[in-house]
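Data first, discussion second: the structure below is written as structure tokens.
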Amino acid sequence: MVERGVAAQGELLLVLLRPDIPLHTNGSENDIRGYVKWRKISGGTRSDLGRRCRDTFASLKKTCRKLGISFWDYLNDRIEQVGAIPPLPEIVRERILAAEPVP
């Protein structure tokens, strides 16, 4: 039993090495809150295509918000094909690499 306590303590102390990782799951719950409110108000979509479009735009909006990018600026950049804002996966990769501790 003591061995498990020491192992658990080590796991719990990992957060000191990675302070960017939240200690709770509220982030996951907050990610879907806007969608759930919208679904309750609108009654959902009429087709599978409508559901996929809604899910895609909701995901893009939430990702932009997490990255600190204006969703509307991002959409306009893509529609007008300006290219001023890099692709979202590229931004995410850059931020992950910047957050990794250097050995």
- Message: Return the pair list, or none, for Cβ contacts closer than 6 Å from residues in the range 61-89 that are closer than 22 Å to I32 by Cβ to residues that are part of a helix (DSSP H, G or I) and open to solvent by 90 Å² or more (accessible area, probe 1.4 Å), at least 6 apart or on different chains.
- Response: F71/K61
- Might you check whether a residue that is modelled with pLDDT under 85, among the aliphatic types (A, V, I, L, M) and not in a helix (DSSP H, G or I) occurs anywhere in the range 88-102? yes
- So which residues in the range 37-49 are within 27 Å of P87 (Cα to Cα) and either at pLDDT below 85 or not in a helix (DSSP H, G or I) (or both), if there are any at all? W38
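The values are calculated or read from the model by the stated rules, or taken from the named source; none is laboratory data. Fair warning: this is a prediction, and the values are worked out from it, not measured in the lab. Cβ sites come from the backbone with ideal geometry, for glycine too, and all protein chains shown count toward neighbours. Heavy atoms of the whole protein, side chains included, go into the accessibility calculation; ligands, DNA and RNA do not. Shrake-Rupley method; radii C 1.70, N 1.55, O 1.52, S 1.80 Å.
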